[in-house]
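Here's the structure, in C-alpha cells; my notes come after.
Where a number appears in this text, it was derived from the coordinates with a stated rule and is not lab data. Remember, it's a predicted structure, so these values are computed and weren't measured experimentally. For neighbour counting, all protein chains shown are included, and Cβ atoms are generated from backbone atoms with ideal geometry for every residue, glycine included.
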Amino acid sequence: MSNQIVVFGAESAMAHEAVETCRRLGIEIAAAVVTGRPEWELLELDNIVHENAISDSLTKLPVICPVWLPQLRRRAVESARKLGFNDFMTIVDPTATVASSARLGKGVYVHTGANVGAGATIGDFALINRGALVSHHCHLRAYVTTGPGITMSSRCRIGEEAVLGVGCTLIQDRIVGERAFVGAGAVVIRDVDADTTVAGNPARVIKRSKDS
Ligand SMILES: CC(C)(COP(=O)(O)OP(=O)(O)OC[C@H]1O[C@@H](n2cnc3c(N)ncnc32)[C@H](O)[C@@H]1OP(=O)(O)O)[C@@H](O)C(=O)NCCC(=O)NCCS
C-alpha cells in the first residue's frame, strides 16, 4: 500500500472521515484537492490545493474521492481522471472487518466498524459507511452509498448509484434497483425499483423519478 495519497473533493464532509482512516492506516495525505464550495471547515486538512493548481507529480499518486452522494462521487472521479489521476485506491478502516472471500473494487471506502461478509462483492467507488453490516453474498454495484449503521441481510443485490439511508434494514434476497434511494430507518421487505425512493416500515414508495 502506498504511503502517500491525494484526497480529491476535500470540500466534502466525508473527506474528513477518509482522512482519519488514512491516518489510522499510516498513509500520509500528500494533498487535499478542493473542487467546489466547502461543506465543512477545511482547516484541519493539511496541504489544501485547488483543482486547477495540481502538479503532474501529484497525479502520479493514488487518489481517493470520498464524496457521499453517488452522482457527486462519480463526477469527482471523472474530474480526477481528466486531471490525470488513474490510481484510485481502496481504503478499509482498520476497525472494519472484511471477509477474506469478499471482493472490493477500486476506489472503495469502507468506513469505521463496518462489516462485510463472506462472498460479498463491492463495486468500484462504492462507499460502505460507519457501522454498516453487509451480510454474506450481498452484491453491491458501482457507486452504491450506504448510510451509517445499515443492516443488509444475506444475498441482497444493490444497483449502481443506489443509496441506502442511515439505519435502514433489508431482509435477505432483496433487490434494490439502480439509483433507488432507501430512506433513513426503512425496513425493506420487497424489492425496490430503479429510480424510486422508499421509506417507512415496511418500506413503501414515496417518490419515483420523473423519467423512470
Ligand atoms: C427518504 C428521503 C430521501 C426522502 O426525502 P424527501 O424526498 O425530501 O422527502 P420528504 O421529506 O419530502 O418526505 C416525503 C414524505 O415521506 C416521509 N418520509 C421521508 N423520509 C422518511 C423516512 N426516512 N421514514 C419515514 N417517512 C419518511 C415524510 O414524512 C413525508 O411524508 P408526508 O408526505 O406524509 O408528510 C429522506 O427523508 C431520507 O430518509 N434521507 C436519508 C438521509 C440519510 O440517510 N443521511 C445519511 C447521512 S450520513
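List the relative contact order of region 91-202 as a percent without decimals, with contacts defined as Cα pairs under 8 Å and 6+ residues apart.
Reported as a whole number, the value is 16 percent.
Can you sort LEU72, LEU104, LEU127, LEU25 by how many other beta carbons sit within 10 Å, fewest first?
With the fewest neighbours first, LEU72, LEU104, LEU127, LEU25 line up as LEU25, LEU72, LEU104, LEU127.
Just order 105-112, 91-98 by mean Cβ neighbour count inside 10 Å, highest at the front, would you?
So the order, starting with the most tightly packed, is 105-112, 91-98.
Using the basic label-point model (7 angstrom from Cα toward the beta carbon), what is the ASN201 to ALA13 distance in nanometres?
Calculated label separation equals 2.4 nm.
Could you give log10 I(q)/I(0) at q = 0.14, 0.16 Å⁻¹ for region 1-102, computed by the Debye formula over C-alpha point scatterers of equal weight, without solvent?
So the normalised log intensities work out to -0.49, -0.64.
Nearest 10 degrees, 0 to 90: what angle lies between the long axis of helix 70-82 and the longest principal axis of the chain (Cα atoms)?
Result, in degrees: 30.
How many percent of DSSP beta bridges within the chain run antiparallel, rounded to 5?
Antiparallel bridges make up about 10 percent of those DSSP assigns within the chain.
Report, to the nearest 10°, how far helix 13-25 tilts away from the longest principal axis of the Cα atoms in the chain, using its own Cα long axis and a range of 0 to 90°.
Helix 13-25 sits roughly 70 degrees off the main axis of the chain.
For n ≥ 4 DSSP H runs only, could you compute -39500 (n - 2.57) per run for the chain, divide by its residues and tell me the 222 nm figure to the nearest 500? Before the final figure, lay out the partial values.
On the way: 3 runs with 30 residues, N = 212.
Mean residue ellipticity at 222 nm (helix-derived): -4000 deg cm²/dmol.
Over the chain, what is the mean sequence separation of C-alpha contacts under 8 Å (at least six apart), divided by residue count, expressed as relative contact order in percent?
Result for the chain is 11 percent.
When you count, for each residue, the other Cβ atoms within 10 Å and take the mean per peptide, how do 30-40, 159-169 rank with the highest first?
Peptide ranking by packing, descending: 159-169, 30-40.
Measuring from centroid to centroid over Cα atoms, what is the spacing of region 83-112 and region 7-70 in Å?
Going from one Cα centre to the other spans 16 Å.
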